[in-house]
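J.: Let me give you the structure first, and then I'll get to my questions.
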Amino acid sequence: MTSLNSKVYLLFAIIILISLSSFSQTKDAKSPDLAALFKRNEIKVYNRVMSLIQDGSRVGVHLNERGGDGLAWLTDIKFSNGVIEFDVKGKDVQGESFVGIAFHGLNDSTYDAIYLRPFNFRAVDKSRKSHCVQYIAHPVYTWNKLREEFPAKYEQPIDPAPDPNAWVHVKVIVVNPKIEVYINNNSQPSLTVDKLSMQTNGSVGFWVGNGSSGDFAGIKITKQ
């Protein structure tokens, strides 16, 4: 009986190891070198001017301020399900800092995006504070359409509130149709929604809103 149990345990352990090995092989993790991509012209910029930045140990890109939304697509990356992590820094100026990530992009006007409004992070006004992290699905589901038709569903506060002038770590988990957004390694998501667009695969790019600039670094994309 003891010998049989040992064999069963051994077989069970082998099955677990095989399962873990298969699981790890389904994960395709990439940490793109933004400086190298910039130098090789492998970041496609829409409606912005992009420059390299270095802030301490962080090396990333800056998108300048301009009217309309702006994008910086990582041209060689396609993403369906998995995790997108990145660091972003906006500024504490009301109405002038909308910074985030676009994914499942088909072109410069059709994509899903998650973005932050840093100027609302520590706002005293409760209404403003509830508009810190936002999901959109352009061109149909803009922020104003979602706020009007689905109040408090596709935008939420962030607790604890980050420093609006500091780097913020964002983790976006996409398992179609579910999207979860985690801020600064919090154990609980700040936003959980079901995506509204039909596309399930596409490009990934840094995103800034109307009249906004932003700094981006440390991107890591894990495909599942």
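The values are calculated or read from the model by the stated rules, or taken from the named source; none is laboratory data. Model, not experiment: these values are computed from the prediction. Reconstructed Cβ throughout: ideal geometry from the backbone, glycine too, with neighbour counts over all protein chains shown. When the accessible area is computed, the model is the full protein with side chains, heavy atoms only, and any ligands, DNA or RNA have been set aside. Shrake-Rupley method; radii C 1.70, N 1.55, O 1.52, S 1.80 Å.
J.: In region 169-189, whose amide N lies under 19 Å from the spot 7 Å out along Cα-to-Cβ of ASP55? List them in ranges.
T.: Residues passing the 19 Å test: 169-172, 182-186.
J.: Further question on the same structure: Could you let me know the centre-to-centre spacing of region 64-114 and region 179-210, using Cα atoms, in angstrom?
T.: After rounding, the separation between the Cα centres reads 10 Å.
J.: Given a Förster distance of 45 angstrom, what is the FRET efficiency for LYS78 paired with LYS126, based on the Cβ-Cβ distance and rounded to 0.05? It would help to have the intermediate numbers written out before the result.
T.: Details: r = 40 Å, r/R0 = 0.89.
Efficiency, from the Cβ-Cβ distance: 0.65.
J.: So for LEU106, LEU116, what's the accessible-area order with a 1.4 Å probe, most first? Could the numbers behind the result be given before it?
T.: Details: LEU106 110, LEU116 5 Å².
Highest to lowest solvent-accessible surface, that is LEU106, LEU116.
J.: Then there's this: Solvent-accessible area of LYS30, probe 1.4 Å, all protein chains present, reported in Å² to the nearest ten, please.
T.: Surface accessible to solvent at LYS30 totals approximately 80 Å².
J.: Here is a further query. Relative contact order for the chain using alpha-carbon pairs under 8 Å, separation at least 6, rounded to a whole percent?
T.: Details: 513 pairs, mean separation 70.3, N = 224.
Relative contact order of the chain: 31 percent.
J.: Using heavy-atom solvent-accessible surface (probe 1.4 Å) with all chains present, what is the largest-first order of SER213, SER57?
T.: Listed by decreasing accessible area, they come as SER57, SER213.
J.: What does the extension gain come out to for ASN210 and LYS39, with contour length at 0.36 nm per residue minus their alpha carbon separation? Walk me through the numbers on the way to the answer.
T.: Details: separation 171, 0.36 × 171 = 61.56 nm, distance 2.65 nm.
In short, 58.9 nm is gained.
J.: Next up: Amide H of GLY211 versus every other amide H placed in the peptide plane: which residues, excluding those fewer than 5 positions away on the same chain, fall under 5 Å?
T.: Under 5 Å from the amide H of GLY211: ARG66, GLY67, GLY68.
J.: Just reorder MET50, MET198 by solvent-accessible area, largest first, 1.4 Å probe, all chains present.
T.: Accessible-area ranking of MET50, MET198, largest first: MET198, MET50.
J.: Would you grab the residues whose amide H sits under 5 Å from the one on VAL93? Only those 5+ places off in sequence or on another chain, please, with H modelled 1.01 Å from N.
T.: PHE119
J.: Next question, about the same structure. Placing +1 on the Cβ of each Lys and Arg and -1 on the Cβ of each Asp and Glu in the chain, which of ILE101, VAL49, SER130 has its Cα farthest towards the positive end of the resulting dipole?
T.: ILE101
J.: Once the piece of chain linking ASN107 and ALA29 is laid out straight, how much longer is it, given 0.36 nm per residue of separation minus the C-alpha distance between them?
T.: Full extension from ASN107 to ALA29 adds 25.7 nm.
J.: Now for a separate question. Starting from the Cα of ALA152, step 7 Å along the direction of its Cβ; do the same at ASN176; then give the gap between the two resulting points in nm.
T.: Between ALA152 and ASN176, the simple spin-label model gives 3.2 nm.
J.: Roughly how many debye, to the nearest 20, is the charge dipole of region 71-151 about its Cα centre, given +1 on each Lys and Arg Cβ, -1 on each Asp and Glu Cβ, and no other charges? Please report the intermediate quantities before stating the final value.
T.: On the way: 10 positive and 10 negative charges, 73 e Å.
Using only the charged Cβ atoms, the result is roughly 340 debye.
J.: Got a number for the accessible area of ILE221? Probe 1.4 Å, square angstrom, nearest 10.
T.: 0 Å²
J.: Next up: To the nearest 10 square angstrom, how much accessible area does TRP207 have with a 1.4 angstrom probe?
T.: 10 Å²
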